[in-house]
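Here the structure comes first, spelled out in structure tokens, and everything after it is commentary.
The values are calculated or read from the model by the stated rules, or taken from the named source; none is laboratory data. Model, not experiment: these values are computed from the prediction. Cβ sites come from the backbone with ideal geometry, for glycine too, and all protein chains shown count toward neighbours. With ligands, DNA and RNA removed, areas are computed over all heavy atoms of the protein, side chains included. Shrake-Rupley method; radii C 1.70, N 1.55, O 1.52, S 1.80 Å.
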Amino acid sequence: KTLRVDVASDEEYIHVSQVALGASIKDARARTTLTLAIADDAEASGVREGRRHTLCTLTPGQCEQVGLDVVLDASFVLRADGANDVHVSGWRQTNEGIDEEEEARVMEELAMEMSDDELDSDDDEDEDEDE
């Protein structure tokens with residue numbers, strides 16, 4: 001079972017947040033694996049489905065649902081391999097109202113803060129060694 005999700009990369013992104021087995025189990029011992037391939041990579045390389053990434057493997061009675069935090073800004077293909085149905089949930093978010101320059105500035109500030117924190121922790125370690 002395959003599902004292609006088209007994403008307007010400059011205008012929106014998709015957040016995949018939950019995967020669960022369907023209500024009716026066809027095979028109580030069968031594993032079902034959900035994989036993802038970026039559609040643009042597949043088309044660019046000429047490969048039919050592109051490089052696949054495993055998101056989760058579900059097994060009835062053991063692991064029937066998984067929470068995910070996968071955000072994509074390119075079209076992609078989901079594929080479920082196994083006897084049982086899976087249900088995928090998430091949401092589509094537009095980039096409307098997001099100022100790219102402001103976002104870049106904030107990300108740069110966060111990166112600098114993280115670097116400063118790392119330097120501070122290194123200084124603390126140096127002081128401990130000097131004592």
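Quick look at the values:
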| read-out | value |
| --- | --- |
| Over region 1-41: Kirkwood hydrodynamic radius from C-alpha pairwise inverse distances, Å | 13.3 |
| Extended-chain gain in nm, criterion 0.36 nm per residue less alpha-carbon gap, ALA20 and ASP73 | 16.8 nm |
| Charge tally in the Cβ shell below 13 Å around ALA83, where Lys, Arg are +1 and Asp, Glu are -1, ALA83 excluded | +1 |
| Accessible surface, 1.4 Å probe, highest first, among residues CYS63, CYS56 | CYS63, CYS56 |
| Residue-by-residue Karplus 3J(HN,Hα) for region 14-26, coefficients 6.51, -1.76, 1.60, Hz, glycine and proline x | 10, 10, 9, 10, 8, 10, 9, 5, x, 5, 9, 8, 7 |
